[in-house]
Amino acid sequence: MTTETLIWLIPLPPILAFFLIILLTNRRKGLSHWVAIGAATLSWAAAMSVFVQAVGQHELAKEPFASFINWIPTADSWLKIGVLVDPLSAIALFFVAWTILAIFIYSVGYHNFGQPAGDHDVPGLPPHGATIEHGGHNHVVPSIEPMYSRFFAFISLFAFGMYTLVVSDNLLTLFVGWEIMGLCSYLLIGFWYAKPSARDAGVKAFMTTRVGDVFMLLGIAFVYSATGTLSYREIFQPQVLQTLAGVSTPILGLSAAGLIGLLLFIGTVGKSAQFPLHVWLPDAMEGPTPVSAMIHAATMVSAGVFMVIRIFPLLSLDPRTMTIVAFIGAFTALFAATIAVAQNDIKRVLAYSTISQLGYMIAALGAGAYVAATFHLVTHAFFKALLFLGSGSVIHGMEHGVLHTGKHIDAQDMFNMGGLRKKMPITFWTFLIGGFALSGFPLVTAGFWSKDEILASTFGGHMGVFITLAIAAFLTAFYTMRQITLTFLGEARTEAAAHAQENVWTMTAPLILLSIFAVGFGWVGIPEDFAGLRGVSSNWFHHFVGSMLGETHAIEFNWIPLLTSLTVAFGGLFVGWLAYRRTRTPAEDALQIPVLKKKWYIDEIYSALLIRPAYWIAETLVYQTMDKGLIDGLLHLFGKGTAAIGSGLRNVIDKPVINAFFGDGTAHVVQGTGRNMRAVQSGRIQQYMLVALLIMMVVAGLAYFLLIRL
Amino acid sequence: MDATQVVFLGIGAVILMAAIMVVTTRNLVHAALWLIVTLFGVAVVYALLNAGFLAVVQVVIYIGAIAILFIFAVMLTRKDLLESGSQHNRAWWLGVLVAVGAFGGLLWILRGWTGIQNVGGEFPAGFDAIGALGDALVAPNAFVLPFEVASILLLAALVGAVYVAFTRR
Amino acid sequence: MIPISWYLILAAALFSIGLFGVLSRRNAIAILLGVELMLNAVNINLVSFWRYGGIADMSGQVFAIIVFAVAAAEVAVGLALVISVYRQRRTVLADDLDLLKW
């Protein structure tokens, strides 16, 4: 089969898996995960095949693998949808396929497949452990997730959404995949639906990204009305772009291209959790950890950045839009990093870290460095997924210890951990690799190369962005080392931590796999003239992705960004280790500042400004006042009025006139007449005779006078 | 005014006066007796009309049987309260009215009759009225059938009266 | 000679008186007395018409004989009825006999 057909088939196995699991294998947990992993493997194989062919293709950017069908007939042409694999999609296919497969395999172990069913487990709540007899006394061990199959169904649907988004060649199917992922994030964040916090987090995620999606839909509509098409290749024709850049709109004085770009970018602000729509991502940690890894590290939030890179030709036409984009990105990067230093939950730190790193990518795009942004997107996907899965492994090991000791402590609080380096070595080393990649540890981690490239791109042209990103990088390294120190180094702070143990191979193998990528992927993007060493690498990545927009030569090498990134990385790591290596309780942590712990009170501000007024409008204004008061009042008035009219008519017309006058009156008249007439028939013959004779005389007289005389 | 006319006038007055007494007297025995007077008067009238047989039959039947029957009936239905109360009912004035109306009406009809002043022919001498009556009563082409029917009627009345008045023991 | 009209007027008057008696007397026997008067008036009429019409035609007298028989029968039955009613109801007042109604 041709490559194009293969591309069409890539999203197919996961959606089939979804339907199969839901309809057929829901009760059989093992079969469900085989169906899901099988589907993920098929898609991975197809994606790898396409990737290899794409890499081998000469001039992929000019002749991408593309295929389309005519779908909706419009007035004089067709709306086309189809698939497109150009360098960006090929790279995206690569990291999406690997991370999805890793996460699917990880989920088998995370949800305790093979363990007994729990003592008090109900679907809708996280599993609480099962008591088994072992060696004479009872052990409480982790129990299998009751909704195991449902989880695999949902993540299969999610994978379908992501693949669709990556291979699509038009904004419409991209939006379809976007929305499917939004739905799945709602379903998966609220996976344990019996927990109120999980339910609320799911709704919050959906609502917040919805705000972004509305603007994105406006942008898509604008594109369609301005150009008559939604396919990338037709929109990004030079003459179309020039036209769009020339038309100006009344909003902010932007050109049409700039306004479209801004509207579509707002969708990314929602989906990739940039300020001010970032509030959903930390709460989304309520979902199971594979969900956090998949949705909020590797794929869904990356989709936002992916889309911005896709429309980069359009976006880059208007400098004001680019400024807005860069500003939001840089601001978010610093903002989230400041919050992350005060968080105690191991997953919250990673959540804010994700927001911050996405800010990096957005800032890079705003500065025009789309190759750097793409590079960081890929490396971030690998090491952030690694970190999340690692944190999941840590939590899982802590849960084991919690069940063992029987004390109910928060297994996610870093201050309950400590010394896990000895208990969970694989998790420790892989987490360390991921953490160093995030911090930008030089040379051996992929994060270093991508972060360095971003800093290098923003240096010189966008100094404000550069300085902000540098400070954020320092904070990133700091809180990462804080996290590693508190979790793994030192001594165990609680009994549960002392009894933690390493996890099964289905959880540790994906960690190892991802750590390989977190280390190795960076080397494909080493700049040509790095550190003055000419020709040390061919910088394949830059040429491959850069060919999309004709940017074929790398940035000029400059020592300052390199030194800056080395300084902030080492400095942050060292200071973090130094500050926390002997901390035992949160009270000793100097950075537990309320404003940082409370996320700059953004949630409280939104609640007061938006949520409570909305509730008030819905509950009080519309429901109580308008609905119950006005409309129901009107209806009751109608009802009472009609009833009053009815009873009025009855009392005024029906009873007196019709009943009394006509009905009873007639009866009375008849009765009276009868009573009176009854006297005629007295039974007395003399009276009869009298009457007869009288009448006979009258009749005879009449007859005589009328008939005989006349 | 010859003798017959005078006789007639007297007898007519007697009849009418007795009749009025019949219908107005309170005592029923008196009424029955006045009826006898009236019947005598009528018999005389028959005689004046040369219907001798009828006059005798009138006396024998009417007075001798019927009037006696009346007296018997009055005796048998006698109550102490019989003499009390009005003998006329409440609408007697209507009865007067009707009677007067009937009288007036009859006279009115008679006015139009041309033969009203018919004086009447001589009674043929030698005419055997009784024999003719007898012939008429039994002649097959005359009135034998009504005669026989009348006798059956009397029989029926006889049986009926006995039956009706019979007291069961 | 007596014109027929005298006889007829006499009969009419007798008839009217009898009619008055029938209509207004309370006692049932008195009513029957009135009926007798009326029948006598009829007889006078019949005989006078025989006498002043064709004497040879005896139908007037025959009719009068029949009326005699009828009157006798009627009185017999009527008085039997009155006596029977008297026995049943102890009353001879026509007003008390008001069953001839619905």
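How much net charge surrounds A:G648 when only the other residues with a Cβ under 14 Å from the Cβ of A:G648 are counted, with Lys and Arg +1 and Asp and Glu -1? Let's see the in-between values first.
Numbers: positive: A:K640, A:R650, A:K655; negative: A:D654.
Here the charged neighbours net out to +2.
Over the Cα atoms of segment A:182-265, each weighted equally, I'd like the Debye log10 I(q)/I(0) at q = 0.14 Å⁻¹, rounded to two decimals.
-0.60
Please find, in a Gaussian network model of chain B (springs between Cα atoms separated by less than 10 Å), the residue of B:R90, B:R111, B:R26 whose mean-square fluctuation is greatest.
B:R111
With charges only on Cβ, +1 for K and R and -1 for D and E, what is the dipole size of chain C about its Cα centre, in debye, rounded to 20? Walk me through the numbers before you get to the answer.
Values: 7 positive and 6 negative charges, 57 e Å.
Roughly 280 debye, rounded to the nearest 20.
Sorted from fewest to most neighbouring beta carbons within 10 Å, what does the list B:D135, C:D95, A:D318, A:D283 look like?
So the ranking, lowest neighbour count to highest, is B:D135, C:D95, A:D283, A:D318.
Please identify the longest segment of chain A free of exposed GluC sites (Glu not before Pro), where exposed means a DSSP state other than H, G, I, E or B and no more than 11 other Cβ atoms within 10 Å.
A:60-490
What are the ³J(HN,Hα) couplings of segment B:95-112, residue after residue, when phi is run through the Karplus curve with 6.51, -1.76, 1.60 and θ = phi - 60°? Round to Hz, x for glycine and proline.
x, 4, 4, 5, 5, 5, x, 5, 4, x, x, 4, 4, 4, 5, 5, 4, x
With label points built 7 Å along Cα→Cβ from the Cα atoms of A:L24 and B:I152, find their separation and express it in nm.
The answer from the label model is 11.3 nm.
Which one, A:Y704, A:V622, A:V670, projects farthest toward the positive side of the charge dipole computed for segment A:604-709 from Cβ point charges (K/R +1, D/E -1)?
Selected residue: A:Y704.
What's the magnitude of the charge dipole for the protein assembly as shown around its Cα centre, counting Lys and Arg as +1 and Asp and Glu as -1 at the beta-carbon? Answer in Debye, nearest 20.
Once rounded to the nearest 20, the dipole reads 2420 debye.
For the pair A:I516/A:L443, report the inter-label distance in nm, with labels modelled 7 Å from Cα in the Cβ direction.
Once both label points are built, they end up 2.4 nm from each other.
Quick check: net charge around C:L79, other residues with Cβ under 13 Å of its Cβ, Lys/Arg +1 and Asp/Glu -1?
Charge balance in the 13 Å sphere: -1.
Mind pulling the per residue volume of the convex hull built on the Cα atoms of segment A:87-187? Å³ is fine.
Cα convex hull per residue, to the nearest whole number: 85 Å³.
Between A:S197 and A:S77, what's the calculated FRET efficiency when r is the beta-carbon distance and R0 is 51 Å? Round to 0.05.
0.55
Would you mind pulling out the separation of the Cα centroids of segment A:113-190 and segment C:32-102, in Å?
So the separation of the two Cα centres works out to 124 Å.
Other chains' Cβ within 10 Å of A:275-287 residues: what's the mean? Walk me through the intermediate numbers first.
On the way: counts 0, 0, 0, 0, 0, 0, 0, 0, 0, 0, 0, 0, 0.
Mean inter-chain Cβ contacts per residue within 10 Å come to 0.
Taking the Kirkwood radius as the inverse of the mean 1/r across Cα pairs, report the Rg/Rh of the protein assembly as shown.
On the way: Rg = 66.9 Å, Rh = 39.0 Å.
Rg divided by Rh gives 1.72.
Over chain C, what is the mean sequence separation of C-alpha contacts under 8 Å (at least six apart), divided by residue count, expressed as relative contact order in percent?
27 percent
Quick one: if the Förster radius is 45 Å, what FRET efficiency do A:T5 and A:W505 give, using the C-beta to C-beta distance and rounding to 0.05?
0.80
Given A:H408, A:G440, A:H462, which one lies farthest toward the positive end of the charge dipole of segment A:399-473, if we put +1 on the Cβ of every Lys and Arg and -1 on the Cβ of every Asp and Glu?
Farthest towards the positive end: A:H408.
Please give the charge dipole size of segment A:617-710, origin at the Cα centre, charges +1 on K and R Cβ atoms and -1 on D and E Cβ atoms. Round to the nearest 20 debye.
That gives segment A:617-710 a dipole magnitude of about 800 debye.
If you count, for every residue in B:157-165, the Cβ atoms of partner chains within 10 Å of its Cβ, what is the mean?
6
Quick one: check the C-alpha center-to-center distance for segment A:67-111 versus segment A:451-529, whole angstrom.
Each part reduced to its Cα centre gives a spacing of 28 Å.
Could you check the simple spin-label distance between B:L9 and B:T167, using points 7 Å along Cα→Cβ, in nm with one decimal?
5.3 nm
Taking only the C-alpha atoms, wrap a convex hull around segment A:535-649 and report its volume per residue in Å³ as a whole number. Spell out each step's value before the answer.
Numbers: hull volume 33.7 nm³, N = 115.
Dividing the Cα hull volume of segment A:535-649 by its residues yields 293 Å³.
Would you kindly state how much longer the chain becomes between A:I560 and A:A618 on full extension, computed as 0.36 nm times their sequence separation minus their alpha carbon distance, in nm to one decimal?
Details: separation 58, 0.36 × 58 = 20.88 nm, distance 5.55 nm.
Contour length minus the Cα-Cα distance gives 15.3 nm.
Report, to two decimal places, the Cα Rg of segment A:192-333 normalised by 2.2 N^0.38 Å (N = number of residues).
Values: Rg = 16.6 Å, N = 142, 2.2 N^0.38 = 14.5 Å.
So segment A:192-333 has a normalised radius of gyration of 1.15.
Which one of B:A55, A:A381, A:P527 has its Cα pushed farthest toward the positive end of the charge dipole of the protein assembly as shown, where Lys and Arg give +1 and Asp and Glu give -1 at the Cβ?
B:A55
Over the whole of C:66-75, what's the average partner chain Cβ count within 10 Å per residue? Rounded to a whole number, please. Walk me through the numbers before you get to the answer.
On the way: counts 7, 1, 8, 9, 4, 3, 10, 9, 3, 9.
Mean shielding by partner chains, rounded to a whole number: 6.
Specify the inter-centroid distance of segment A:566-625 and segment A:665-710, based on alpha-carbon positions, in whole Å.
112 Å
Average the reciprocal distances over every distinct pair of alpha-carbons in chain B, invert the result, and give the Kirkwood radius in Å. Intermediate results must be reported in sequence, preceding the final value.
Working: mean 1/r = 0.0502 Å⁻¹.
After inverting the pairwise mean of 1/r, the radius is 19.9 Å.
Which length gain, in nm to one decimal place, applies between A:M207 and A:Q237 when the Cα-Cα distance is subtracted from 0.36 nm times their residue separation?
Numbers: separation 30, 0.36 × 30 = 10.80 nm, distance 3.49 nm.
Taking 0.36 nm per residue and subtracting the Cα distance, the gain is 7.3 nm.
How charged is the neighbourhood of A:P146? Take every other residue with its Cβ under 15 Å from the Cβ of A:P146, and add Lys/Arg as +1 and Asp/Glu as -1.
On the way: positive: A:R27, A:R28, A:K29, A:R150, A:K195; negative: A:D119, A:D121, A:E145.
Summing Lys/Arg as +1 and Asp/Glu as -1 gives +2.
Applying 1/(1 + (r/R0)^6) with R0 = 45 Å to the Cβ-Cβ distance of A:E59 and A:W429, what FRET efficiency is obtained, to the nearest 0.05?
Once the sixth-power term is evaluated, E becomes 0.60.
Could you pull out every one of the lysines with an alpha carbon less than 26 Å from that of A:K640, ignoring same-chain neighbours closer than 8 positions?
A:K628, A:K655
Tabulate in residue order the Karplus-calculated ³J(HN,Hα) for segment A:571-582, using 6.51 cos²θ - 1.76 cosθ + 1.60 with θ = phi - 60°, rounded to whole Hz; enter x for Gly and Pro.
So the J values, rounded to whole Hz, are x, x, 4, 5, 4, x, 5, 4, 6, 10, 5, 10.
Which of A:K195/A:K407; A:K62/A:K384; A:K347/A:K451; A:K422/A:K597; A:K384/A:K598; A:K195/A:K451 have a Cα-Cα distance over 27 Å?
On the way: A:K195/A:K407 21 Å; A:K62/A:K384 32 Å; A:K347/A:K451 22 Å; A:K422/A:K597 30 Å; A:K384/A:K598 24 Å; A:K195/A:K451 38 Å.
The pairs that break the limit, which is 27 Å between Cα atoms, are A:K62/A:K384; A:K422/A:K597; A:K195/A:K451.
Only the coordinates and a few stated rules stand behind these numbers; no lab work does. Note that this is a predicted model, so its numbers are computed, not measured. Note that each Cβ is placed from the backbone with ideal geometry, even for glycine, and that neighbours are counted across all protein chains shown.
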